[in-house]
Amino acid sequence: MATRRIAAQEKSLLNKDDHTVARPSASGQKSNTSPAVPLAVIVKLLAFTFAMIVLPIGSYFVSVDNLFKGNSTYAGALAAVMANAVLIGYIIVAMAEDQSDETDSSPPSADGSAAAAIKEGKKDR
Amino acid sequence: MAESELSPKFAPFIGMAGIASAMIFGSIGAAYGTAKSGIGIAGVATFRPDLIMKCLIPVIMSGIIAVYSLVISVLIAQDLAPPSTGKHYSLFTGFMHLACGLSVGLTGLAAGYCIGIVGDKGVRAYMLQSRIFVGMVLILIFGEVLGLYGLIVALILNTKSKG
């Protein structure tokens, strides 16, 4: 069932692509290149990138002398734990965002066929 | 550094090889995982841009593989000292650092390879069937745990140099 739905969606997307490709050359319409991703998502991704770079190795260097008194094994283990904590936090945020998408997109149901298809896909889950 | 039978001149070479192999092999694994799952994400995002956030999980996991290698490299590098300080760097320590580096590097390579393939196929399957998400994350975690085992072995090995 899922395969059938996706095939239909794929075709409609391809059709839409053909229209948008054909139109700008004819009517001189400007292509919209503004980012489709909301600012909150970009901030979230940047925060996780920063945390992934800084948090494990930073926690190692902070804790090796202050917390563990030179025992570098525990500090290394703490760095690995911090890396995994970032991963778990990312998974939780991704799941939460998915659920907020679901609640956001349910009121304006007359958005279009794409939104309906996405909602159908979420209902499938 | 006084040369002796237990700490010959070439012992630091072996330890440096451990640092290099940890970082090189781990980064090869992480790069493969990132690139292969990135191909899958690019394929999925053309059809379902709303799934990008959840599909990025394999990329994060590949980053963790590189962090493991980085931690072990820093750990080994702190045990090394230039000969002018008069410390002895024994051949035992050198081989042990090589074992640390190889264990975390090659398990990182294995884990990155696993994450890459599972991430690519997994996000493509997730586009078609959303129930596969939990299974995909579970498989990714089991793949990533391989690198964690290498890290644990390397950390335990590294404690033996203090004796």
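Assorted remarks:
- Region B:146-156 - residue that is at the interface with chain A (Cβ under 10 Å from one of its Cβ atoms) and out of contact with any Phe, Trp or Tyr (no Cβ under 6 Å at 6 or more places or on another chain) and, of those, farthest from B:MET61 (Cα to Cα): B:ILE156
- Residue check, B:ILE65 aliphatic (A, V, I, L, M) and either open to solvent by less than 30 Å² (accessible area, probe 1.4 Å) or under 9 Å from the mean Cα position of the chain (by Cα) (or both): yes
- Residues satisfying the stated conditions in region A:40-60, i.e. touching a residue at least 12 places away in the same chain (Cβ under 8 Å), open to solvent by 30 Å² or more (accessible area, probe 1.4 Å) and more than 7 Å from chain B (Cβ to nearest Cβ): A:LYS44, A:PHE48, A:LEU55
- Yes/no for B:VAL134 being in a helix (DSSP H, G or I), open to solvent by 10 Å² or more (accessible area, probe 1.4 Å) and farther than 28 Å from B:MET16 by Cα: yes
- Taken over region B:50-72, the criterion of being without any contact (Cβ under 8 Å) to a residue 60 or more places away in the chain and within 7 Å of chain A (Cβ to nearest Cβ) is satisfied by B:ASP50, B:MET53, B:ILE60, B:GLY63, B:VAL67, B:LEU70.
- Options A:ALA79, A:ALA83, A:ALA75; residue that is aliphatic (A, V, I, L, M), closer than 17 Å to B:ASN158 by Cα, facing chain B (nearest Cβ under 7 Å) and crowded, with 16+ Cβ neighbours inside 10 Å: A:ALA79
The values are calculated or read from the model by the stated rules, or taken from the named source; none is laboratory data. Computed from a predicted model, the values in this text were never measured in an experiment. A quick note on method: Cβ atoms are made from the backbone with ideal geometry, for glycine too, and the neighbour counts reach across all protein chains shown. Calculation scope for accessible area: heavy atoms of the full protein, side chains included, ligands and nucleic acids excluded. Shrake-Rupley method; radii C 1.70, N 1.55, O 1.52, S 1.80 Å.
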